[in-house]
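Structure, as C-alpha cells:
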Amino acid sequence: MAAPCAEMEPAAPPPSPPAAPGAAPAAAPAASPGSAGLVCAQGRNLRAVVCQRCGSRVLLPGAATFARRELLLPAMRKKAAAAAAGGGGDVLREHWLVRDMFSFENVGFTRDVGNVKFLVCADCEAGPIGWHCLDDKDSFYVALERVAHE
C-alpha cells in the first residue's frame with residue numbers, strides 16, 4: 001500500500017523568488033487548473049482517481065505522485081469512431097505517476113503499440129487514460145485530464 005500524505009493537506013504554492021532591487025514584483029506563478037487541489041504537500045494525490053465514464057476507482061488517495069511530462073495519447077473515442085477518424089491524439093502534460101502496477105485498484109492494459117501499452121478502465125474500457133513504456137517497468141502515467149477525482 002502506498003504511503004498516504006501526512007494529513008492529506010493541499011500543497012502550498014511555491015515561494016516567489018526575491019525581486020531584484022528596483023524591479024517590479026514578479027507575478028505569482030499560475031496554478032495549473034488540472035492539478036489545483038489534487039496534490040498534497042508531498043506531491044501525492046489527495047483524492048481517489050476514478051473513471052470519468054463509469055466511476056470505477058483507478059487509484060486510492062496517496063497512491064501516485066504528480067508529474068509533468070508531455071505524452072501523446074490517442075483520442076478517447078469509441079472504437080468505430082477512432083477507426084474512422086484515423087490516428088490523432090492529444091498531447092497531455094499533467095499525470096499521476098505510479099511506480100508499482102499493483103498500486104492500481106482497477107486498470108487494464110492494451111496490447112503493445114510499439115514499445116508502449118496504454119492504460120484503460122478495466123470495467124468499461126474507456127481510454128486510453130494513461131501510458132506505460134515497456135522499456136521502463138516502473139513508470140505508469142495516468143493523465144489528469146482523462147480521469148475524475150472524488
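The values are calculated or read from the model by the stated rules, or taken from the named source; none is laboratory data. Source: prediction; values computed, not measured. Virtual Cβ from ideal backbone geometry, glycine too; neighbours counted across all protein chains shown. For accessibility, only protein heavy atoms count, side chains too; no ligands or nucleic acids. Shrake-Rupley method; radii C 1.70, N 1.55, O 1.52, S 1.80 Å.
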What is the residue count in the stretch 105-124 for residues that are open to solvent by less than 50 Å² (accessible area, probe 1.4 Å) and part of a strand (DSSP E or B)? 5
Tally up the residues in the stretch 45-84 that are over 18 Å from Glu145 (Cα atoms), open to solvent by 60 Å² or more (accessible area, probe 1.4 Å) and either at pLDDT 95 or above or of a type in the set (Gly, Ala, Ser) (or both), please. 3
Residue match in the stretch 36-44 (condition: surrounded by 17 or more Cβ atoms within 10 Å (Cβ to Cβ) and modelled with pLDDT of 95 or more): yes
